[in-house]
1. Scan the stretch 1-25 residue by residue and report those that are modelled with pLDDT under 90, among the polar types (S, T, N, Q) and more than 16 Å from Tyr58 (Cβ to Cβ).
2. Quick one: which of Ile128, Ile93 is touching a Phe, Trp or Tyr at 6+ places or on another chain (Cβ under 6 Å), surrounded by 14 or more Cβ atoms within 10 Å (Cβ to Cβ) and aliphatic (A, V, I, L, M)?
3. Determine which single condition Lys135 fails, assuming it passes every other condition in (1) in contact (Cβ under 8 Å) with a residue 24 or more places away in the chain; (2) more than 25 Å from Thr173 (Cα to Cα); (3) out of contact with any strand residue (DSSP E or B) (no Cβ under 7 Å at 6 or more places or on another chain).
4. Scan the stretch 11-39 for residues that are more than 19 Å from Arg71 (Cβ to Cβ) and of a type in the set (Val, Ile, Thr) and jot them down.
5. Taking the stretch 36-48, which residues are over 14 Å from Asp86 (Cα atoms), out of contact with any helix residue (DSSP H, G or I) (no Cβ under 6 Å at 6 or more places or on another chain) and of a type outside the set (Lys, Arg)?
6. Can you name the number of the only condition in (1) modelled with pLDDT under 95; (2) more than 30 Å from Glu164 (Cβ to Cβ); (3) hydrophobic (A, V, I, L, M, F, W, C); (4) touching a strand residue (DSSP E or B) at 6+ places or on another chain (Cβ under 6 Å) that Ile35 fails?
7. So, in the stretch 46-86, of the ones that are under 19 Å from Tyr156 (Cβ atoms) and charged (D, E, K, R), which residue ends up surrounded by the fewest Cβ atoms within 10 Å (Cβ to Cβ)?
8. Are any residues in the stretch 149-167 among the hydrophobic types (A, V, I, L, M, F, W, C), surrounded by 14 or more Cβ atoms within 10 Å (Cβ to Cβ) and not in a loop (DSSP other than H, G, I, E, B), and if so, which ones?
Amino acid sequence: MNTATVSCETRVLKNNVKLYWQYNCDKIWFTFQTIKGRKITLDEVPVEFYGYTYRLGYHFVKEFDKSILFRSGCPANGPCIYTLIDKTTGRKIEEFRQLICINGDIEENKKYQFEFIVYADSNYKNLIVNYPDKKQVLKIPFDFQRNNLTAVIPEYQFDKIKLERSLLTLFYTTTSNKKLNLKIDLKSKK
């Protein structure tokens, strides 16, 4: 397991909370250690799946001011689960299905740069722009089917995300291979 695909390095967050993987002969677990030394297990993977921990286990995506975003539960070719954890207590705040452009325009070794996350609602009739730290959610009407985003995982049809001042642009490719973009003014919420 020493050569498994999880980092054995400890990540120290801005508030001095520590995140690290540990393992023994029975399990692999991801620990959240508070500044007072309290240890909370955020995630656990059975030892027989150690080779898949990079897909199944929690992986750091973004540190917000008040929360941490992790990716986990990724099948070989399917959508992942994203979990938002309170940065002080280690408690789960919310869980999301596949996010849009979470890795879209990010060059290698660059962090997710936005203070929001974007995803589709459960009916694929709206895009949601969620600011986790502000507890602000913008709901933008966008019917995936009417806009010809009908792939098995429509979130994968979004290629890139760009923010210039308050104008958010999402670039996507329709099922018929037409390249389009959606512009959202985050100030006016349109």
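1. Asn2, Thr3, Asn24, listed by residue number.
2. Unique residue meeting the criteria: Ile128.
3. Evaluating Lys135 over (1) in contact (Cβ under 8 Å) with a residue 24 or more places away in the chain; (2) more than 25 Å from Thr173 (Cα to Cα); (3) out of contact with any strand residue (DSSP E or B) (no Cβ under 7 Å at 6 or more places or on another chain) leaves (1) as the failure.
4. Hits for the stretch 11-39 are Val12, Thr34, Ile35.
5. Result: Gly37, Asp43, Glu44, Pro46, Val47, Glu48.
6. Failing condition for Ile35: (4).
7. Selected residue: Arg55.
8. Within the stretch 149-167, Phe158, Ile161, Leu163 qualify.
The values are calculated or read from the model by the stated rules, or taken from the named source; none is laboratory data. Model, not experiment: these values are computed from the prediction. Please note: Cβ atoms are built from the backbone with ideal geometry, for glycine as well, and neighbour counts cover all protein chains shown.
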